[in-house]
Every structure is written in structure tokens, then in C-alpha cells.
Amino acid sequence: MNSEIERRRTFAIIAHPDAGKTSLTEKLLLFGGQIQVAGAVKSNKIKKTATSDWMDIEKQRGISVTTSVMEFDYNDYKINILDTPGHQDFAEDTYRTLTAVDSVIIVVDGAKGVETQTRKLMEVCRMRNTPVIIFVNKMDREAKDPFDLLDELEEELVIHVRPLTWPIESGPRFKGVYNLYEHKLNLFQPSKQVVTEKVEVDINTEELDNQIGVPLAEKLRGELELIDGVYPEFNVDEYLKGEMAPVFFGSALNNFGVQELLDTFVEIAPSPRPTKTEEREVEPDESKFTGFVFKITANIDPNHRSCIAFCKICSGKFSRNTPYYHVRHEKTMRFSSPTQFMAQRKTTVDEAWAGDIIGLPDNGTFKIGDTLTEGEKLHFRGIPSFSPEMFKYIENADPMKQKQLAKGIDQLMDEGVAQLFVNQFNGRKIIGTVGQLQFEVIQYRLENEYNAKCRWEPISLYKACWVESDDPEELEAFKKRKYQYMAKDREGRDVFLADSNYVLQMAQMDFKHIRFHFTSEF
């Protein structure tokens, strides 16, 4: 059993929008033999779209809207890879995904360096001590000086770095990368859709001068000496503690530097790690199965209007058709068709191990954060819903389609795309999101997946916060005074919709015994 768990590698790819996460995912699938020809995110010549961007709206806009899960075998390892959205409007989906992985690859654009979204995501990794590998992408375009990039990474991401590959020039002069981990030089031949051959050269011989010319060869030897002088030796233990990040250079689009990244990654990245629950810490090699749901997706297959719950296995072995205990419902369930993923294509599995991510068919039984066990009552924690910052009334635009709209809103809210509040004063439905783009995605998906039309009406609100109190009389008085601004969420909890920061501060001062919460975990 342990050998099965040891060979698992579960990781997420995160970055600022347009740094090249989805392109890197494509190339990893190419090396894993899962696809024969790599698709492109945006290209006029290459008609095949990226495997992980399977929703129509993703293909049209060239951005990822939802996390996709893919798994493949490479050498003796079983790799589970999660391609996350970089756009900040979908950050919540990415934060939740980080609770289900053991390590992370951060993609940085060689020309732009560290950007805002990368900083935020790194903070989440630091909170959880997740090991991080950095891939500096787009070296086939003009990029910053590699030493400047390394300084910026250390300063902005607050982590020690150590380069494991080193680029020779960038842009049109880009010649290749030298692999410091294996002491080999790999020369660059651009090819977007197939795997290229490598040339191996010993750097202390004249062969290097012949391959790249004397000036570049001298410069490379000088830079390598400098690296050994300035940066500490690479230490796997420090990497596993989340204190040091190895850095790789390359070009995901042109398939360069990706194999070095993958080879080193499977060797040093952690196999599944222990997971904290409210009751105790769960070790991956325990004999009994435990797992939690970190994401729900509706309509992966448009022909069947079904939802799928993504379940991360934390310990033991999952078997098909075995009864498992659903902790929140306090009842036993069996799954006859659990699936494994290749983005949208999925196949039925008979068994899965700790570290794997499986899809369970869901007809409304699951919520994000639900736990499955063999009978023990456990609660996994740390899957947050943030307090929304943008609000609109949602109204039905087609009276004949009331039922479809209600079902669509229900399923999309289960996914955690946004949050739904019902105003106690006038009974209208309010949708709250983290970003503007969410409203467009909801409207598009309601129309295309549920055949329902909605329209948005403006509402001016500052923040939604959950309220609770140990003093029932004070809570009643508060609800009476703020009657127009009280709403209920889907769990039936009280939510106060403050229309300005001033109003919120006054309420906190006037009602001393009421607690105001800004995430739904309390």
C-alpha cells in the first residue's frame, strides 16, 4: 500500500493571468503521453484548444475560469495536476484548490517578473507551508536579467531561491538552458507541438565554444561560478519545509525547459502529506479511507445535466461500490461510478489511493467541505468562503423559464461560484461575488447550460457579514433596527448587508455583544 502512496504527486499550477499556466499544463500532458499534440490557448494557426480549458467561455476568451484536474503516469510516478484560474475574480476557486494539493509550481513571466496575483497566492502557500517550485516562463521573448529576476523573487515572495537550470540569453538570442542539477547543457530548438531532441555538451570542453560561440561560452562559465558563490547548495529538506524554492527557466510554449522541470519535480516533490482535521491529524498511510470535497462542478458533460463533486483522498484506499459514511448527513452512501479526470474526459475507476482526486456524481448531496470516512466523525477545515465585495439583484428575464432559472442558480451556488442572499425586507434574491467577471460567467452559463435568462439590477452595498450573538434579545433588537438590511444565506444564517463602511462601524459600536464575521467559517 505504501508504495502506491509514495508514487503519488499531487500539485497545483498557480500564477498571475497570462504567465502561461495552461500552456505549461499542456506540455506536461505531452510528456506524460496523455496527448499526442499540444493545443494552444490563443493561436490562429493551431486550431486545437488547450485540454484543460474545456468550457465554451474559456475557449472564447482564452482564460481559465475553473480549476481542471488531470492525471497521468510518468516514469514510475502517478501525477495529479490541477490547472487553476489566474484571474483574481476566480481567486476563491484557486484558494480552495490549494487545500487539496501537496506542492505547488508557480509560473512567472520572464519579462514582467512577480505580479500582484502571484504575491497573494504565495501568501496562501506560506500559511500552509506548501513546498514551491518556480518556473520562469517565456524566455524565448526578451526577458529581465536572470540575476535581477532571482533577486526580485526572493524579495517579493519572501523565500530563498536556488536556480537549478540557467538560461543562455533570452528573446531571439535564446540558445538554451544549462541543467545545474544534472550538469548538462540543453540547446534550444523551437517546436510548439512535439517533443524535441536534446544535445548534451560538457561545459569544460571546446565543444561548448563550437556549439554557442566563445563569448557566450565564457559568459556562461562566469555566471555558473557566480551562482555557486552566491546561492546556497540546493537542500531538499528546506524545499519540503517551504523555506527554499528551486527555480527553472524555459519556454512552455516552445516546449523548452519543461522536461528538466518535470524530471526534477517527480524526484524531489513530496508524496501525499498528513491533513489536519478538527479532531486530529490524518496520516496518508492509515488503513481506513478518509476524504473531503473541495470543489463541485456542474455540467462537465452538457448531455447529462449532472454535478460532480471533486474529492481529495487523504488516507487509505477508496473502492468502488463500498459503503462510506457522509459525516454532515450522518448516513451511509455507495458510489457506483466514481471517475478520474482528464479535464473533461473522464473514466470510471475501481480504486484510488491517498493523494488522488476522484469525481463523485452529485445530485445535491454534497457541499464544499463535506467529509467522507469509514465511520469516524472527522471535519476537515480550512476551506473558506470569503465575504463578497460586489452585489447585484438577480431577476428572471423570461417568465416561462422560472423553474430552469431556480435550478441553475441552485447548482451554480453549490459550486461556490458566488453566494446567494435573500433580502428579508422585500424577498428579492441578491448575488454576491468577489469579482465583476463572475456576473458575466453566471449569466452566460445560465443561458447556455440551463436555457434560462437573467438580468442584473444594481444595488449599492459595501459588504455582507454574518452576525451572531449569545444575547438573543440584543440580536432581535439589531434585526428590528436594521430590518431593511437583513438577509438570509442558503444555510438560513443571518447576514447583515452594510451599505457603507461608516454604517458597519456604527453598528459594531452600538451593538457590543454581536459578533460580525467576514468569512463563512466560524
In terms of the Cα gyration tensor, with a ≥ b ≥ c the square roots of its eigenvalues, is segment 95-179 rounded because a/c is under 1.5, prolate because a/b exceeds b/c, or oblate?
prolate
For Val108, net neighbour charge (Lys/Arg +1, Asp/Glu -1) across residues whose Cβ lies under 12 Å away
0
3J(HN,Hα) from dihedral phi, segment 250-267, Karplus parametrisation 6.51/-1.76/1.60, rounded to Hz, x for glycine, proline:
x, 9, 5, 4, 8, 6, 10, x, 6, 5, 4, 4, 5, 4, 5, 4, 5, 6
Taking Val327, Val434 and ranking on accessible area (1.4 Å, protein atoms only), highest first, one gets Val434, Val327
Could you compute how much accessible surface Arg445 exposes when probed at 1.4 Å, giving the result in Å² to the nearest 10?
10
Measuring with a 1.4 Å probe in the full set of protein chains, what accessible area per residue, in whole Å², belongs to segment 433-520?
54
Convert each backbone phi in segment 502-517 into a coupling constant with the Karplus relation 6.51 cos²θ - 1.76 cosθ + 1.60 (shift: θ = phi - 60°), then list the ³J(HN,Hα) values in order as whole Hz, x for Gly and Pro.
4, 4, 5, 5, 4, 4, 5, 6, 5, 10, 5, 8, 9, 9, 9, 10
What's the local net charge at Pro270, with K and R +1, D and E -1, over the other residues with C-beta under 9 Å away?
+1
Heavy atoms of the protein only, probe of 1.4 Å, neighbouring chains included. What is the accessible area of Lys407 in Å², nearest 10?
100
For Asn255, enumerate residues with amide H under 5 Å from its amide H, sequence gap 5+ or separate chain, H modeled in the peptide plane.
none
Using amide H atoms built 1.01 Å from N in the peptide plane, name the residues 5+ places from Asp494, or on other chains, whose amide H lies under 5 Å from its own.
Val467
Can you sort Asp151, Asp362 by 1.4 Å-probe accessible area, starting with the largest?
Asp151, Asp362
Ignoring ligands, DNA and RNA, how do Trp466, Trp353 rank by accessible area with a 1.4 Å probe, largest first?
Trp353, Trp466
Counting sequence-distant residues (5 or more places) and residues on other chains, those with an amide H built under 5 Å from that of Arg8 are Lys78
At 1.4 Å probe size, with no ligands or nucleic acids counted, give the accessible surface of Arg481 in Å², nearest ten.
150
Output wanted: per-residue J couplings in Hz (rounded whole) for segment 280-290, from phi through Karplus 6.51 cos²θ - 1.76 cosθ + 1.60, θ = phi - 60°, x for Gly and Pro.
6, 9, 9, 8, x, 8, 5, 6, 8, 6, 9
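The values are calculated or read from the model by the stated rules, or taken from the named source; none is laboratory data. Remember, it's a predicted structure, so these values are computed and weren't measured experimentally. Note that we place each Cβ from the backbone using ideal geometry, even for glycine, and neighbour counts take in every protein chain shown. When the accessible area is computed, the model is the full protein with side chains, heavy atoms only, and any ligands, DNA or RNA have been set aside. Shrake-Rupley method; radii C 1.70, N 1.55, O 1.52, S 1.80 Å.
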